[in-house]
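Trainee: Can you keep this structure in mind? I'll have questions shortly.
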Amino acid sequence: MMNPKATLKVLHKDQIIQMNRIFAKAAENAMSDEYAYLQKVRSDYPSYAVTTRTIKRNGAQEHYKGLTYDFMRWYIKKVEGDNAAEVLKTFEDLIDISKCHSTSKRYPTIKARFLACYPEIANFSVFVTESQRQLLEGAMLKKQSKMKEDEDIDFDEAS
């Protein structure tokens, strides 16, 4: 019995017999139904080329390996300081709301929202090692202390 996800198409315009990856894997076994079906189609169209369908990939797409929910929570705690509890509650609410949508749209939606709130994250390529987290934490602490120093300046005295 053939797998319902295994497909084989005859593209007459291009003179191609095209199969998907699942069909190709099953057709490797000479005793399988897929192999027998492929041979029957090849005998019907002997001049057609046999190819495996490939999915077109977007090379310009940004990938954020290691940008997990746990990393997002950790980053919010480190950056937001006293306001972290409120921001984390909003973040968790967003995750809960996303569960009513399809699985494929949950993470991308939350990632887009997170990156909109924290655009500096786009400058980092991988977030998985503890040493990188420590470097990031040090940079953020310096940024926070610089912002605190700027707030402490009394502009009336400076003029």
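The numbers here are math on the coordinates, done by the rules we state, and not lab data. If you're wondering where the values come from, they're calculated on a predicted model, not measured in any experiment. Neighbour counts are summed over all protein chains in view; Cβ atoms, including those assigned to glycine, are modelled from backbone coordinates with ideal geometry.
Trainee: Under 5 Å between amide H atoms, partner at least 5 residues away or on a different chain: which partners does Asn20 have, H built in plane at 1.01 Å?
Mentor: Thr7, Arg53
Trainee: Also, I was wondering about something else. I'm a student and want to see the number: the projected area of the Cα convex hull of segment 1-116, averaged over all directions, in nm².
Mentor: 11.4
Trainee: Using the Karplus curve 6.51 cos²θ - 1.76 cosθ + 1.60 with θ = phi - 60°, work out ³J(HN,Hα) for each residue of segment 89-100 in order, rounded to whole Hz, and write x for Gly and Pro.
Mentor: 4, 4, 4, 5, 4, 4, 5, 4, 5, 5, 5, 8
Trainee: Can you grab the distance from the C-alpha centre of segment 69-91 to the C-alpha centre of segment 8-48, Å, no decimals?
Mentor: Segment 69-91 and segment 8-48 have Cα centres spaced 53 Å from each other.
Trainee: Each residue of segment 58-71 in turn: what ³J(HN,Hα) in whole Hz from Karplus with 6.51, -1.76, 1.60 and θ = phi - 60°, glycine and Pro shown as x?
Mentor: Ordered by residue, 3J(HN,Hα) equals 8, x, 7, 5, 7, 10, 10, 4, x, 7, 8, 4, 5, 5 Hz.
Trainee: Using Cβ counts within 10 Å as a stand-in for footprinting exposure, how do Leu38, Leu115, Leu11 rank, fewest first?
Mentor: Arranged by neighbour count, lowest to highest, Leu38, Leu115, Leu11 become Leu11, Leu115, Leu38.
Trainee: May I ask you to derive the FRET efficiency for Glu92 and Leu115 from their Cβ-Cβ distance with R0 = 25 Å, giving the value to the nearest 0.05?
Mentor: Step by step, r from the Cβ atoms, then E = 0.90.
Trainee: Could you calculate the FRET efficiency of Asn29 with Thr7 from 1/(1 + (r/R0)^6), where r is the beta carbon distance between them and R0 is 25 Å, rounded to 0.05?
Mentor: 0.90
Trainee: Right, next: Cα convex hull of segment 8-52: how many Å³ per residue?
Mentor: Given the Cα convex hull of segment 8-52, per-residue volume reads 58 Å³.
Trainee: With a point put 7 Å past each Cα toward its Cβ, work out how far Asn83 is from His63 in nm, to one decimal.
Mentor: Computed distance between label sites Asn83 and His63 equals 3.4 nm.
Trainee: With an 8 Å Cα cut-off and a minimum separation of 6 or more residues, compute the relative contact order for segment 8-52 in percent.
Mentor: Worked out over segment 8-52, it gives 43 percent.
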